[in-house]
Amino acid sequence: MNYLLMAPQQGAEQNPLMTFLPMILVIVVFYFFMIRPQMKKQKELRKFRESLAKGDKVVTTGGIYGKVADIKENYVLLQVDDNVKLRVDKSAVVKDMSDVPQQK
């Protein structure tokens with residue numbers, strides 16, 4: 001007989017573990033399918049921002065393409081055109097465009 005699916009006898013208490021088991025399973029599923037991948041993605045992005053170097057081609061969250069001209073503690077100086085430089089917060093830099101072929 002399958003004792004897990006049987007209703008408890010009248011007067012008998014239900015196992016507290018069986019009460020919380022569905023909740024525990026939901027938390028485990030959320031952790032492995034949502035929280036853990038997001039933490040991994042944030043870790044990779046932080047590592048990328050720390051490894052920025054002068055001359056890297058990047059894209060900001062606002063969609064501005066540029067080349068790193070200078071790096072400071074909290075911001076990056078991007079050269080977007082000849083004699084045009086923008087100061088951008090480091091947290092706004094999201095992609096490395098060095099590997100992407102240039103479109104003409």
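Leu45 - would you say it is at pLDDT 90 or above and part of a loop (DSSP other than H, G, I, E, B)?
So Leu45 does not fit the description; no.
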Worksheet item: Is it the case that Lys90 is modelled with pLDDT of 90 or more, touching a Leu at 6+ places or on another chain (Cβ under 8 Å) and open to solvent by less than 100 Å² (accessible area, probe 1.4 Å)?
Response: yes
Worksheet item: Which pairs do you get when a residue that is at negative phi, found in the range 39-62, comes within reach of a residue that is of a type in the set (Phe, Trp, Tyr) and in a strand (DSSP E or B), reach meaning Cβ atoms under 7 angstrom, with the pair 6+ apart or on two chains?
Response: Val59/Tyr65
Discussion item. If I go through the range 48-85 residue by residue, how many of them are loosely packed, with under 11 Cβ neighbours inside 10 Å and either part of a helix (DSSP H, G or I) or over 21 Å from the mean Cα position of the chain (by Cα) (or both)?
Written reply: 9
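The values are calculated or read from the model by the stated rules, or taken from the named source; none is laboratory data. All of these numbers come straight from a predicted model, not from anything done at the bench. Cβ atoms come from the backbone with ideal geometry, glycine included; neighbour counts cover every protein chain shown. Just so you know, the surface numbers come from the protein's heavy atoms only, side chains and all, with ligands and any DNA or RNA stripped out. Shrake-Rupley method; radii C 1.70, N 1.55, O 1.52, S 1.80 Å.
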